[in-house]
Amino acid sequence: MNEVKIAVYPGTFDPVTNGHLDLIKRALKLFDRLVVAIGENPAKKPLFSLEERLQMLEEAVAELEDRERLEITSFSGLLVDFARKKGARAIIRGLRAVSDFEYEFQLALMNRRLARDIDTVFLMPGFRWIFISSTIIKEAAQFGGSVEGLVPPGVEKRLRDKFS
């Protein structure tokens, strides 16, 4: 019997963007199951509550073809401990630009030191999403800029509501 290949895609997802969704679709091509996990980081001050972010992610993936192979959840504590608990052998991290690499590389090395049996897999979003981040999306929306087509429609509405 083949082992089920499980990966965890962690993030703040504040809010989820089309770039995140692109990485979810790419990861589902590589793994049998994907756990998309919102990290509860007390040092960060998210715009949206954990419950709102979970709800936005659920809505954003509802129509995905492979939805049944996807779990949306949250976690606190060490990512590698969470990944082990989920039976994951890999952590998915997105890279948009060279500037992301140094930080992500340091995280990957620390995670490897903590859990040698869990690998980090770096994925790049499609070219059309390479420039977007949740931070840039929030800044544009805050000052009345359109984020249409960069985030799922439900996220776009929530951003408008937050900043109106």
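Assorted remarks:
- Unique match (being in a helix (DSSP H, G or I) and under 17 Å from the mean Cα position of the chain (by Cα)) among Lys157, Lys138: Lys138
- Filtering Glu71, Glu65 for residues that are more than 28 Å from Lys162 (Cα to Cα) and out of contact with any helix residue (DSSP H, G or I) (no Cβ under 7 Å at 6 or more places or on another chain) leaves a single hit, Glu65.
- Checking each residue in the range 22-43 for being farther than 22 Å from Ile130 by Cα, in contact with an Asp or Glu (Cβ under 8 Å, 6 or more places away or on another chain) and surrounded by fewer than 22 Cβ atoms within 10 Å (Cβ to Cβ) picks out only Arg33.
- Taking the range 42-67 as the range and being among the hydrophobic types (A, V, I, L, M, F, W, C) and not in a loop (DSSP other than H, G, I, E, B) as the test, the residues that pass are Leu50, Leu54, Met56, Leu57, Ala60, Val61.
- Checking Trp129 against (1) farther than 11 Å from Ala7 by Cα; (2) of a type in the set (A, V, I, L, M, F, W, C); (3) surrounded by fewer than 17 Cβ atoms within 10 Å (Cβ to Cβ), the condition it does not meet: (3)
- Among the candidates Ala115, Ala90, Ala60, the residue that is more than 29 Å from Gly145 (Cβ to Cβ), under 15 Å from the mean Cα position of the chain (by Cα) and modelled with pLDDT of 95 or more is uniquely Ala90.
The values are calculated or read from the model by the stated rules, or taken from the named source; none is laboratory data. On a predicted model such as this, the values are computed, not experimentally measured, just so you know. Here the Cβ is made from the backbone with ideal geometry for all residues, glycine too, and neighbour counts use every protein chain on show.
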